[in-house]
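The values are calculated or read from the model by the stated rules, or taken from the named source; none is laboratory data. What you see is a predicted model, and the numbers here were worked out from it, not measured in a lab. No Cβ is skipped: glycine too gets one built from the backbone with ideal geometry, and neighbour counts run over all protein chains shown. When the accessible area is computed, the model is the full protein with side chains, heavy atoms only, and any ligands, DNA or RNA have been set aside. Shrake-Rupley method; radii C 1.70, N 1.55, O 1.52, S 1.80 Å.
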Amino acid sequence: MKKNGEKKKRRIPLPVKIILIILALIFTFYIYLKLMPIKGLDEFLNQQYSTRFYDCNGRLLHILPLEEGLRKEYYQLKDLPKELVQYFIKEEDSSFYYHPGINPMAIIRAAKQNKSEGRIVSGASTITMQLVRLIQPRTESVDFKIKIREMFLALSLEAKFSKNQILEMYMNNVPFGSQADGVGSAARTFYCKSPNELTSEQMQTLAKIPRYPSKYAPEKSFDYPSLCPHFINYVKKQYAEKNETIPADLTLSIDSSLVESLEKQMQSKLSEYAKARIHNGAILAINNHTGEIIAWVGNASFDDINHGGQIDGVLTCRQPGSSMKPFLYALALESGFEPSTVLPDIQQDFGTSGVYVPFNFNNMFNGPVRMRVALASSLNVPAVYLLQKVGLSSYMSRLMQLDFKSLNGTRESTGLSLALGASEVSLYEMVHAFSVFPNDGQLLKELTFKKSNGSKNAPFSKVYNKDTARIICDFLSDKNARTLGFGNAKVFDTPYPSIFKTGTANQYQNIIAIGATSEITVGVWMGNYEGETVINMTGSSIPAILVRQVLDRLTAKYGSSEFNAPELYEKREVCTLSGMPAGPNCPSKSLEYISKADRNKSTIERCNWHKIVNGKIQIQYPSEYQHWAKGNNMAGTISESTESLSIKFPRDGSKFVFDPSVPSTFQKLHVTATGGYGERVTLYLDGQNMGAAQGLLEWDIPLTRGRHQIAIESGNQTAVSEYSVE
């Protein structure tokens, strides 16, 4: 008997115990299924899908195929038409939302059918089981053991993912044949449409194809979009170099309608000048503030197999010619030269270990030329003069800051011809670097191929001082300063503020033009990939026309503002000839930037080149211009300087090359000298008297192999120079 007060223990009924045990087992089994690893699942979830590239306006440009041409686009389930999804469920697994991954009723029905037929005629596969086979493709014939394993894995997938997740994976990976996996690529392959553009009839057909491809699949279409192919290849390369996966959807910065229009314009120009061997052309346009690439034309036609249409002229390295000069002039302004500095555009040689004698484009010399005119008119000799003064190493370092990666490792092989753009760089590098001027000396750290949604917070790095960039913009936008080199070229006369620079490579194989507004920078290259000389084309007006057309179009969209004036300078009158502050005798005056710090200095020397002689204004040139002035019959005299006797050409240590194909009697060395105080000067070659000169000190002597010494004597003055001929 139980004691009083002892509570009676309550027992759990047996049926309840059984239910609890079953529930516990089911829960344990569910947890096991959820945690159970599935071979190949991680790879399947992280697989590469075909990228859809869109332009900045949402236009589909290209669908990137995978290996062996397979296309597999990805769509979220919510972005697929509900009607299309229902058709697939109806065809493949009408009870999809009501079973745990396997359908017991379908299994029983399939078992009866297979038994009566004596062979497998129905597999009772659910959508989840089909997904299992996509994750783990069958490598052997189907048997009972394989079916059990697939069922078990289907249960595991149902434990790991929601029904909608499973359906989304299935819809994006189900094979349709014809190198198309997933409903998105199937719709594009068979109907040239996106899933949302399909008709009900097309949706029904599409849902039947996976089960009976040979019976239901329509004829394959090849109308895949393929716009801006050069740019797409560039974007693909950027991801490959960083070893990154391209996202399934990528909106690019490029305007495909603009690109198509520019391709037609380029084709028109190439057709117009085909007889001149201009077969290829490239265009690049960027947003100065965001770094977005707006237009990229790698060639007039990607399909032009006769002229290397698939070669990308934006990335191909070519000599840029004089279009490089603004970077050098900007460095010179930061190396002690003033905007008003006069540069000697006269015949002269540069260098010692290898003599370099530059000529201007028209083989003429213009004497003293202000920096503004020398740059805007693209004179060669002043540019080489500047490079010699600022130093090749300093200039190369600055070009590295401007991100000219193509010049890496070329320092030893580069000479003073770098001032004239003799080294090869790409149009991409040129446009990127040129944008430093409208950007106040700040260089975009990188150009972007992605749409930035209007953000103007692109990262920059300082390359030039703000005022330096602003002065260069003023030089390059000065229509009057261009007149000496280009006349009154209408192509540069824009109704909005703009800057231009053109360039022509040796033998005219490459002609280039760069232009910019406050908002946009554009570059155009034209020529040919065969390296042939462009016949009868001695300038770069053709690409300049295209630059102007692009700027016109983009300025209408993006607008343009005035280039800012330098803060530490102001424009004051200077003598047009000497560049010095204008004096009372200067017949021509121009406005030029002068440092505000010098504004109130009483010691500033005014122009001393113009003097009154016998009641008339007479020009008195510095002695370095005596050969130029007298050789060109220029009015004026040479100033009586105290310059010592000096051999200007050849410089001491110079090396020359004897050409055996030319008769020796035709090969001369033109010796020039200055100084001598107006006395007679005698020239000696290896001790032999070669004659005397007075005033204009010039001699022609034979060019013969070996080491030689020339000496000039005047009174008690002597100058010596040694050179060699190989």
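If you go through region 206-229 one residue at a time, do you hit one that is in a helix (DSSP H, G or I) and of a type in the set (S, T, N, Q)?
Pass one, region 206-229, residues in a helix (DSSP H, G or I): 206-208, 213-216, 229.
Okay, now just the ones that are also of a type in the set (S, T, N, Q), so 214.
There is at least one residue in region 206-229 that is in a helix (DSSP H, G or I) and of a type in the set (S, T, N, Q).
Which one of the conditions (1) more than 34 Å from the chain's Cα centre (by Cα); (2) open to solvent by 60 Å² or more (accessible area, probe 1.4 Å) does A207 fail to meet, given that it meets all the rest?
Only one criterion in (1) more than 34 Å from the chain's Cα centre (by Cα); (2) open to solvent by 60 Å² or more (accessible area, probe 1.4 Å) is unmet by A207, namely (2).
What number of residues in region 314-324 are open to solvent by less than 30 Å² (accessible area, probe 1.4 Å), in a loop (DSSP other than H, G, I, E, B) and at pLDDT below 95? Give the derivation first.
Taking region 314-324 first, the residues open to solvent by less than 30 Å² (accessible area, probe 1.4 Å) are 314, 320-324.
Adding the requirement that they be in a loop (DSSP other than H, G, I, E, B) leaves 314, 320.
Restricting the remaining residues to those that are at pLDDT below 95 gives 320.
Total meeting the criteria: 1.
Could you list, in sequence order, all residues of region 435-484 that are among the hydrophobic types (A, V, I, L, M, F, W, C) and open to solvent by 60 Å² or more (accessible area, probe 1.4 Å)? Even if it seems obvious, please write down each step before you answer.
Quick first cut of region 435-484, residues among the hydrophobic types (A, V, I, L, M, F, W, C) only: 436-437, 443-444, 447, 449, 458, 460, 463, 469, 471-473, 475-476, 481, 484.
Passing the criteria: F460, L484.
Test each condition in (1) modelled with pLDDT under 95; (2) closer than 19 Å to K236 by Cβ; (3) surrounded by 12 or more Cβ atoms within 10 Å (Cβ to Cβ) for G123 and report the one that comes out false.
Going through (1) modelled with pLDDT under 95; (2) closer than 19 Å to K236 by Cβ; (3) surrounded by 12 or more Cβ atoms within 10 Å (Cβ to Cβ) one by one, G123 breaks only (2).
What number of residues in region 325-352 are touching a strand residue (DSSP E or B) at 6+ places or on another chain (Cβ under 9 Å), surrounded by fewer than 20 Cβ atoms within 10 Å (Cβ to Cβ), modelled with pLDDT of 90 or more and not polar (S, T, N, Q)?
Qualifying residue count for the region: 3.
Applying the selection to region 221-241, what residues are open to solvent by 60 Å² or more (accessible area, probe 1.4 Å) and touching a residue at least 24 places away in the same chain (Cβ under 8 Å)? Break it down into steps so the answer makes sense when it comes.
The first filter runs over region 221-241 and keeps only residues open to solvent by 60 Å² or more (accessible area, probe 1.4 Å), leaving 222-223, 226, 233, 236-237, 240-241.
Matches in region 221-241: D223, S226, N233, K236.
Here is a check on your reading of the model: is N196 in contact (Cβ under 8 Å) with a residue 24 or more places away in the chain and crowded, with 17+ Cβ neighbours inside 10 Å? Before you say what the answer is, go through the steps one by one.
Details: in contact (Cβ under 8 Å) with a residue 24 or more places away in the chain: yes; crowded, with 17+ Cβ neighbours inside 10 Å: no.
Answer is no for this residue.
Of all residues being more than 19 Å from R318 (Cβ to Cβ) and β-branched (V, I, T) in region 294-305, which is modelled with the lowest pLDDT? Just the residue, please.
Taking the candidates together, the pick is I305.
For residues in region 641-690 being at pLDDT below 75 and touching a helix residue (DSSP H, G or I) at 6+ places or on another chain (Cβ under 7 Å), which is farthest from I710 (Cα to Cα)? Steps first, please.
Our first condition is that a residue be at pLDDT below 75; within region 641-690, this holds for 641-643, 655-668, 676-678.
Checking which are touching a helix residue (DSSP H, G or I) at 6+ places or on another chain (Cβ under 7 Å) leaves us with 641, 643.
On the way: S641: 24, E643: 19 Å.
Taking the candidates together, the pick is S641.
Can you give me the number of residues within region 406-433 that are under 23 Å from the mean Cα position of the chain (by Cα), open to solvent by 50 Å² or more (accessible area, probe 1.4 Å) and among the polar types (S, T, N, Q)?
Qualifying residue count, region 406-433: 1.
Report, ordered by the first and then the second residue, all pairs with beta carbons closer than 7 Å, sequence separation of six or more or different chains, a first member in region 399-413 that is on the phi < 0 side of the Ramachandran plot, and a second member that is open to solvent by 90 Å² or more (accessible area, probe 1.4 Å) and not in a helix (DSSP H, G or I).
Every condition considered, the pairs that remain are S406/E424.
In region 557-565, is there at least one residue being among the hydrophobic types (A, V, I, L, M, F, W, C), farther than 26 Å from P344 by Cα and either at pLDDT 95 or above or open to solvent by less than 20 Å² (accessible area, probe 1.4 Å) (or both)?
Within region 557-565, one or more residues are among the hydrophobic types (A, V, I, L, M, F, W, C), farther than 26 Å from P344 by Cα and either at pLDDT 95 or above or open to solvent by less than 20 Å² (accessible area, probe 1.4 Å) (or both).
Considering only residues that are within 19 Å of K160 (Cα to Cα) and either exposed (fewer than 15 other Cβ atoms within 10 Å of the Cβ) or modelled with pLDDT under 90 (or both), which ones fall in region 64-94? So that I can check it myself, show each step before the final result.
Residues of region 64-94 within 19 Å of K160 (Cα to Cα): 76-77.
Scanning region 64-94 gives a single hit, Q76.
Within region 378-405, work out how many residues are polar (S, T, N, Q), open to solvent by less than 40 Å² (accessible area, probe 1.4 Å) and under 22 Å from Y464 (Cα atoms). Before the answer, list the steps.
Narrowing region 378-405 to residues polar (S, T, N, Q): 378, 380, 388, 393-394, 397, 401.
Applying the additional criterion that residues be open to solvent by less than 40 Å² (accessible area, probe 1.4 Å) yields 378, 380.
From what's left, under 22 Å from Y464 (Cα atoms): 378.
Summing the residues that are polar (S, T, N, Q), open to solvent by less than 40 Å² (accessible area, probe 1.4 Å) and under 22 Å from Y464 (Cα atoms) in region 378-405 gives 1.
Taking only pairs six or more apart or across chains, which ones have beta-carbon atoms under 7 Å, a first residue in region 303-329 that is in contact (Cβ under 8 Å) with a residue 12 or more places away in the chain and β-branched (V, I, T), and a second residue that is buried (at least 24 other Cβ atoms within 10 Å of the Cβ) and assigned to a loop (DSSP other than H, G, I, E, B)?
I311/N299; V314/G298
Which of the residues belonging to region 164-177 are in a loop (DSSP other than H, G, I, E, B) and open to solvent by 10 Å² or more (accessible area, probe 1.4 Å)?
Filtering region 164-177 for residues in a loop (DSSP other than H, G, I, E, B) gives 174, 176-177.
Once the filter is applied, which keeps residues that are in a loop (DSSP other than H, G, I, E, B) and open to solvent by 10 Å² or more (accessible area, probe 1.4 Å), region 164-177 yields only G177.
Quick test for you: out of A180, A217, pick the one residue that is at negative phi, in contact (Cβ under 8 Å) with a residue 40 or more places away in the chain, out of contact with any Phe, Trp or Tyr (no Cβ under 6 Å at 6 or more places or on another chain) and surrounded by 22 or more Cβ atoms within 10 Å (Cβ to Cβ).
Details: A217 fails: surrounded by 22 or more Cβ atoms within 10 Å (Cβ to Cβ).
Going through A180, A217 in turn, the sole match is A180.
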